[in-house]
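Working notes, beginning with the structure itself.
The values are calculated or read from the model by the stated rules, or taken from the named source; none is laboratory data. Quantities reported herein were computed from a predicted structural model and do not represent experimental measurements. Here Cβ is always computed from backbone atoms with ideal geometry, including for glycine, and neighbour counts include all displayed protein chains.
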Amino acid sequence: MPSRKTFLWLLAALVLYLIAWNIGSGWLYVLTAMLAAFPLASLFMGRANIRGLDAHMSTGGSACAGDSLTTTIEFANRSRLPRFFISIECSYGGSRESLFVPRIGGRSTKQLEMTFAGLKRGLYGGAELRLGSGAPMGLTRSRRNIHCQGPLAVYPSWSRLGNDWSAGQWDLGHVASSSLPSRSASSDYLGVRDYRSDDSPRSIHWRSTARRGSLSVVEYSRQSVVLPVFLLDTFSGDGRPTPEPVFEAMVSTVASLVQRETANNRRFAIGRDPEAAAGFKLTRESEAAMFWLAGVEAGADRPMELEDHLPWPEATPVLIIASHREYGDLYERALLAAHPHAAVIVFDARAAAADARDGAITGHTPAARGFMDDSALAALESGLEAIGSRMLLVNEPEELAQCLHFL
C-alpha cells in the first residue's frame, strides 16, 4: 500500500524528469528511472518480508472482563532469509495491542509476550494478527493477516454479595416489601410423595419405597428451599435495542447472583426464558452458567416468553430485565401467577439510550420512547407488590454495586 512518503518520492522523480527533459541530460533520465522504480521494488520487497512467517499462541482458557491477560506468541520464520522491521497488531479478547520486531533470523523462532488489558466479555476462537512491513525505506506498506488458534472465554465481571435472599433487606432501597420463603427447614410431617428427578438420592425413604413399590420421599413442611431461576432478558426492541452498558450491567448482576449460589453450594437454573432454564437443568456449579453468560447477546427479536411455568414447584423466578415497555404488564404473566414470590430487577435504560444518541433524558425522546417512563415503572412496582413479588430498580449501571448490596 503506498504511503505519503511514496507520493513525495514520485513527485521528486517527476521534478527530476522535467529538469532532465529541459536540459537534455541523459544521466538525469537514468536517475529518474531509478527513482520511479524504487517504490515498485519496495512493494515486492515488503510483501516478501512478511511471507514465510507462522504464529502460534500458548494461551487459552478463561478470564474475567476488565482483567489483563499475558500470552506468549511464537513466530517461526520458515525462510532461510531473515526478516526485518515487522510491525504486529494483535486483537484478542476484545483488546488490541501492537509490537515492533526489528529482526527474525532465517529458519528460527522468536517468542514475544503480549499483555492485553481491559478484556471484554465474549467467547473468542483465537487471536487475529496483522503483520505489516514497510521495508526497506517505508515507501510502501504491505500487510498480512494471520489467525492464531487460542480459544478464550471472557466471563462477565461480578461482585461478591454478602447478603442472602432471607437476610431481611427487602424493605430497603427500591425493593417492595413482601414475604419470601426462607431456606430453613422444619420438622412438621406432611406425608409421603413420589421421588422427583430434582430430589437428592439421600432423601429417599426406603421403607416407604418398599411398601409402595416405587421410589418415595418423606416431605416435611418448609422443606422446600428458595430455588432461584435466573431469567436474563435478551430482548432487543425494533429500533430500540438495550444499550450496551445496561446489558453488560444486567449480565454482571446475574453472574454475581450465580457466584453466590455456588459459594453456598446451592442449586439454581439460568436461561433466557423459562423453557431455556428448564433445559439448563439444576446445578450447583457456576462454570456452565458463566460460560453461557460469556457468550450471551442482546439480540432477541421478541420479549421474554413468560407464559410457561417452571418445572420446579419451589422455584423462585429472578428476572433481570431492561425497562422495555413490553414488560409493563409483567405482573399479569402466567409465570408470576404460578410463582408469585418472584424477584424482578429492572434496569432503567432511558438515560443510556439517550446518551447513545446525544438526546435529552426524558421519556419522550426517540431514543427513550421504547422504554417505560416513571409512571409505568411505578405501576409495575405496585402490580408486582400486589401479587407478592418485589422489584428492584437500577437507574444507572454505575449504581449496580450499591443496588446489589440489598440482594
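Can you find even one residue in the stretch 132-144 that is modelled with pLDDT of 90 or more, over 30 Å from Glu287 (Cβ atoms) and part of a loop (DSSP other than H, G, I, E, B)? For the stretch 132-144, residues modelled with pLDDT of 90 or more, over 30 Å from Glu287 (Cβ atoms) and part of a loop (DSSP other than H, G, I, E, B): absent. The criterion of being modelled with pLDDT under 90 and of a type in the set (Asp, Glu) does not hold for Asp233. Scanning the stretch 295-303 finds no residues that are without any contact (Cβ under 8 Å) to a residue 40 or more places away in the chain, on the phi < 0 side of the Ramachandran plot and out of contact with any Cys (no Cβ under 6 Å at 6 or more places or on another chain).
Go through the stretch 20-30 and count every residue that is of a type in the set (A, V, I, L, M, F, W, C), surrounded by 12 or more Cβ atoms within 10 Å (Cβ to Cβ) and either out of contact with any Phe, Trp or Tyr (no Cβ under 9 Å at 6 or more places or on another chain) or outside the structural domain of Ser42 (by TED's automatic domain parsing) (or both). Explain how you work it out, then say what you get.
If we filter the stretch 20-30 for residues that are of a type in the set (A, V, I, L, M, F, W, C), which is where we start, we get 20-21, 23, 27-28, 30.
Still in the list and also surrounded by 12 or more Cβ atoms within 10 Å (Cβ to Cβ): 20-21, 28.
Among the residues that remain, those that are also either out of contact with any Phe, Trp or Tyr (no Cβ under 9 Å at 6 or more places or on another chain) or outside the structural domain of Ser42 (by TED's automatic domain parsing) (or both) are: none.
Looking only at that region, the number is 0.
In the stretch 68-106, of all residues being exposed (fewer than 15 other Cβ atoms within 10 Å of the Cβ) and more than 18 Å from Leu131 (Cα to Cα), the one that is farthest from the chain's Cα centre (by Cα) corresponds to Arg80. When each of Glu297, Glu275, Glu305, Glu285 is tested for being surrounded by fewer than 22 Cβ atoms within 10 Å (Cβ to Cβ) and either outside any loop (DSSP other than H, G, I, E, B) or of a type in the set (S, T, N, Q) (or both), the lone residue that passes is Glu275.
Kindly evaluate Gly118 against the criterion of being under 30 Å from Ser286 (Cα atoms) and in contact (Cβ under 8 Å) with a residue 12 or more places away in the chain.
Details: under 30 Å from Ser286 (Cα atoms): yes; in contact (Cβ under 8 Å) with a residue 12 or more places away in the chain: yes.
Yes, satisfied.
Identify the residue in the stretch 340-350 that is more than 20 Å from the chain's Cα centre (by Cα) and crowded, with 21+ Cβ neighbours inside 10 Å and, among all such residues, is farthest from Ala276 (Cα to Cα). Taking the candidates together, the pick is Arg350.
Going through (1) at pLDDT below 90; (2) surrounded by 20 or more Cβ atoms within 10 Å (Cβ to Cβ); (3) in a helix (DSSP H, G or I) one by one, Leu392 falls short only on (3).
To keep it simple, each residue is scored yes or no on (1) within 14 Å of His324 (Cβ to Cβ); (2) aromatic (Phe, Trp, Tyr).
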{"site": "Met250", "(1), (2)": "yes, no"}
{"site": "Ala255", "(1), (2)": "no, no"}
{"site": "Asn265", "(1), (2)": "no, no"}
{"site": "Ile270", "(1), (2)": "no, no"}
{"site": "Pro274", "(1), (2)": "no, no"}
{"site": "Phe280", "(1), (2)": "no, yes"}
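Pairing residues of the stretch 121-148 that are surrounded by 16 or more Cβ atoms within 10 Å (Cβ to Cβ) with residues that are modelled with pLDDT of 90 or more and assigned to a loop (DSSP other than H, G, I, E, B), at Cβ distances under 7 Å and at least 6 apart in sequence or on separate chains, gives Arg121/Ala65; Arg121/Pro156; Gly122/Gly94; Tyr124/Gly93.
What residue, of Pro82, Pro39, is modelled with pLDDT of 90 or more and either assigned by TED's automatic domain parsing to the domain that holds Ala127 or in contact with a helix residue (DSSP H, G or I) (Cβ under 6 Å, 6 or more places away or on another chain) (or both)? On inspection, the qualifying residue turns out to be Pro82. When the residues of the stretch 316-335 are filtered to those that are touching a Pro at 6+ places or on another chain (Cβ under 8 Å) and of a type outside the set (S, T, N, Q), the one that is surrounded by the fewest Cβ atoms within 10 Å (Cβ to Cβ) is Glu326. Restricting Ser200, Ser187, Ser177, Ser182 to residues that are surrounded by fewer than 12 Cβ atoms within 10 Å (Cβ to Cβ), within 27 Å of Ile387 (Cα to Cα) and either of a type outside the set (Val, Ile, Thr) or at pLDDT below 50 (or both) narrows the list to Ser177.
Taking every residue in the stretch 264-293 that is within 23 Å of Glu305 (Cβ to Cβ) and in the same structural domain as Leu306 (by TED's automatic domain parsing) and pairing it with any residue that is surrounded by 18 or more Cβ atoms within 10 Å (Cβ to Cβ) and of a type in the set (S, T, N, Q), at least 6 positions away or on another chain, the pairs with Cβ-Cβ distances below 8 Å are Arg272/Thr234.
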